[in-house]
Amino acid sequence: MTLVYQSTRDDNNKVTASQAILQGLATDGGLFTPLTTPEVNLDFNQLKDASYQEVAKLVLSAFLDDFTEEELDYCITNAYDSKFDTPAIAPLVKLGNQYNLELFHGSTIAFKDMALSILPYLLTTSAKKQGVDNKIVILTATSGDTGKAAMAGFADVPGTEIIVFYPKDGVSKIQKLQMTTQTGANTHVVAIEGNFDDAQTDVKRMFNDVDLRAKLLANKTQFSSANSMNVGRLIPQVVYYVYAYAQLVKSGDIQNGDKVNFTVPTGNFGNILAAYYARQIGVPVGKLICASNENNVLTDFFKTGTYDKKRAFKVTTSPSMDILVSSNLERLIFHLLGNSAAKTKQLMEDLDNAGEYKLKDADQSILDLFAAGFATEKETAAEIKRVYEESHYIEDPHTAVASAVYQDYTEKSGDNKPTVIVSTASPYKFPRVAVAAVTGKDSGDDFAAVQKLHELSGVAIPAAVDGLEEAAVLHKTVVATADMQKAVEDYLGL
Ligand SMILES: *Cc1c(COP(=O)(O)O)cnc(C)c1O
């Protein structure tokens, strides 16, 4: 039996895992979602001694069941290698009454590396399986982080080419250097004279341009997307929840079978949705605590059942969570409505037309698994300071949002089950914010803050920022928004 992935908006749109990965988004606008829970034998007395790669193999073979064993081995060994600065890949650190699951040991020191390091291999393998031998071209507009993580993942992967557009004046100094120093013959970085929306709009236009598509096909190339709605990004995220639970059993902090809470700093709802699937395949989960910053749409949604995006967008110190429409929530809605595509489609239309939807007749047993809360900017900074003073450990602002929401949750609910704080970025990615929270002083410059952070925490400066100031700038192209397509055609020799 092959696991069926169905579009959340059309009962008739059913595909296998590799088809879902190759297509990315369903053509009806829905998201491909597993219709049933695959059988996985999670024996934690054995898994506690398994490597990250072995856990990945177990989980991926269950969800991506049209891949052969050899194909999965190829993808996993190429993804989770020395790109990560620790063989544990995702280490768990005990801090007082919480466990921080560090998902920032990959090339760009943030959690997107966990999935973007394997996606290129899943994508090219899926293409082969579907008899597609075109070169896969990833086209991305980025406001800073995703573009770099995607490039790091796709750099020098055979059969792929990646082109990233970023707003010339819209990214931080560190973000810009991270992108312009990217190595890999198949990576292309272009600054545009415009903002992120301009870049995003023209990338979308190119994806849908029929003439451009024909030109690409004539050259045996095709576009594909690396965005977080792709099944190839969602499923690899299930792995570290299983791995984290196994580590807790191994350390003796819990007994096999004890329930554990997970607090997830949430933006697009991809990471916490992966936690839900981990629970479905058998990880003993107490609560999944959805943590937001001041853009607290999800907190309100879990409290009231109404998703209302009609509110001011706030710019915070945890920018990867500054989101008003959490795309991946659509998959949970689909499950909450008994896997009904018709009902899900209706709610998504309500969101488009009226800016909100109301959940009715939702599966209470699923809703009961979730708790939600948000942290203000002030609370987030105070949490960075609290953790530093108690444990001499510095959290990044995204992780601190989760940590603050958890402290508030445990105090108010009295639930003191062991809790994992999903730690999505290294503080070295946001050094000025982290240092200011601890010392009360602004360092003035990203690189000065990196040094100060090192003095305060004693944690080695990761390769992702060490030496960045001196690294060779390899990408210098700047184009007007109107010339983005020309840049693409030049790179691809069209
Ligand atoms: C992307 C991101 C998030 C949000 O994850 P989602 O899967 O979109 O909910 C949180 N923290 C960091 C550092 C991120 O990069």
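For the reader, a short list of remarks on this structure follows.
- Among the conditions (1) touching a residue at least 12 places away in the same chain (Cβ under 8 Å); (2) part of a helix (DSSP H, G or I); (3) in contact with a Ser or Thr (Cβ under 9 Å, 6 or more places away or on another chain), the only one that residue 286 does not satisfy is (2).
- The listed residue being over 30 Å from residue 171 (Cα atoms) and crowded, with 16+ Cβ neighbours inside 10 Å, out of 218, 278: 278
- If only residues of region 9-28 that are in a loop (DSSP other than H, G, I, E, B) and open to solvent by 30 Å² or more (accessible area, probe 1.4 Å) are counted, the one that is farthest from residue 127 (Cα to Cα) is 9.
- Any hit, region 156-171, residues being over 27 Å from residue 449 (Cβ atoms), without any contact (Cβ under 8 Å) to a residue 24 or more places away in the chain, open to solvent by 40 Å² or more (accessible area, probe 1.4 Å) and under 22 Å from the mean Cα position of the chain (by Cα): no
- Residue 275 vs. criteria within 12 Å of the ligand (Cβ to nearest atom) and either more than 22 Å from the chain's Cα centre (by Cα) or more than 16 Å from residue 321 (Cα to Cα) (or both): yes
- Test result for residue 169, assigned to a loop (DSSP other than H, G, I, E, B) and in contact with a helix residue (DSSP H, G or I) (Cβ under 9 Å, 6 or more places away or on another chain): no
- Entirely in region 327-438, the helices (runs of 4 or more DSSP H) that have 3 or more residues that are open to solvent by 10 Å² or more (accessible area, probe 1.4 Å), of a type in the set (Asp, Glu) and away from the ligand (no atom under 15 Å from the Cβ): 341-354, 377-391
- Picking from residues in region 479-494 that are closer than 14 Å to residue 191 by Cβ and of a type outside the set (Gly, Ala, Ser), the one that is surrounded by the most Cβ atoms within 10 Å (Cβ to Cβ) is 484.
- Tally, over region 452-471, of residues that are modelled with pLDDT of 95 or more and in contact with a helix residue (DSSP H, G or I) (Cβ under 9 Å, 6 or more places away or on another chain): 9
- Looking only at region 301-318, residues that are part of a strand (DSSP E or B) and of a type in the set (D, E, K, R) come to 1 in all.
- Of the set (1) closer than 25 Å to residue 107 by Cα; (2) open to solvent by 50 Å² or more (accessible area, probe 1.4 Å); (3) free of Cβ contacts under 8 Å to residues at least 40 places away in the same chain, all apply to residue 476 but (3).
- Residue 295 within 14 Å of the ligand (Cβ to nearest atom), part of a helix (DSSP H, G or I), surrounded by 20 or more Cβ atoms within 10 Å (Cβ to Cβ) and not hydroxyl-bearing (Ser, Thr, Tyr): no
- Region 230-271, subset of a type in the set (Gly, Ala, Ser) and crowded, with 23+ Cβ neighbours inside 10 Å, residue farthest from the ligand (Cβ to nearest atom): 246
- Of the helices (runs of 4 or more DSSP H) lying entirely inside region 34-141, those containing at least 3 residues that are closer than 23 Å to residue 464 by Cα span 69-79, 112-116, 119-129.
- Checking residue 111 against (1) touching a strand residue (DSSP E or B) at 6+ places or on another chain (Cβ under 8 Å); (2) closer than 19 Å to residue 233 by Cβ; (3) open to solvent by less than 20 Å² (accessible area, probe 1.4 Å), the condition it does not meet: (3)
- Options 83, 48: the member that is among the charged types (D, E, K, R) and within 30 Å of residue 319 (Cβ to Cβ): 83
- Per-region count, region 182-200, residues in a helix (DSSP H, G or I) and surrounded by 15 or more Cβ atoms within 10 Å (Cβ to Cβ): 4
- Criterion applied to 96, 153, 106 was being over 26 Å from residue 208 (Cα atoms), within 16 Å of the ligand (Cβ to nearest atom), small (Gly, Ala, Ser) and in contact with a Ser or Thr (Cβ under 9 Å, 6 or more places away or on another chain), and the one residue passing it is 106.
The values are calculated or read from the model by the stated rules, or taken from the named source; none is laboratory data. None of these values were measured; they are calculated from a predicted model. In this analysis, Cβ positions are derived from the backbone assuming ideal geometry, glycine residues included, and neighbour counts consider all displayed protein chains. Just the protein is used for accessible areas: all its heavy atoms, side chains included, with ligands, DNA and RNA removed. Shrake-Rupley method; radii C 1.70, N 1.55, O 1.52, S 1.80 Å.
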